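Read-outs: derived from the displayed coordinates by stated rules, not from any lab. Being a predicted model, the structure only gives us computed values, none of them experimental.
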Amino acid sequence: MVTIKKITEKEWEDYIDPQFVSNRFSLQMREALRAAFFNDLKDIDREEIQPLFSQLIPGITEKELNSTMGALRDSNSAISKSQDIHLYKYPKILDKAEGILREALKGNKERQWF
């Protein structure tokens, strides 16, 4: 069985957002990053295989992470043009954010209690 690693919305709330706060990302930057990944957090890819007795879980796949981070680094992309804060001007912030997101992809970072 093929399992696709994803960042779920709960992982974003429980792990990624606190990591952004601890790394002193401004509220505006955190909101811009969440907005960039908003659709990916809510969707299910077509190429995913339906598990036998469970449902597919929406979330950010590695492919979506790569494409969105590339778009955030490109000043001419639709994502970069639509945001209030132009994250492509802050490559160190994007590198740090990508590191946090890649760490979240490695395993389930959801809280086990509550």
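Using every Cα-Cα pair within segment 9-106, state what percent have a distance larger than 22 Å. Could you put the intermediate results ahead of the total?
Values: 1344 of 4753 pairs.
Taking all Cα-Cα pairs of segment 9-106, the fraction more than 22 Å apart is 28 percent.
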Over segment 9-106, what is the relative contact order in percent, taking alpha-carbon pairs closer than 8 angstrom and at least six residues apart? 29
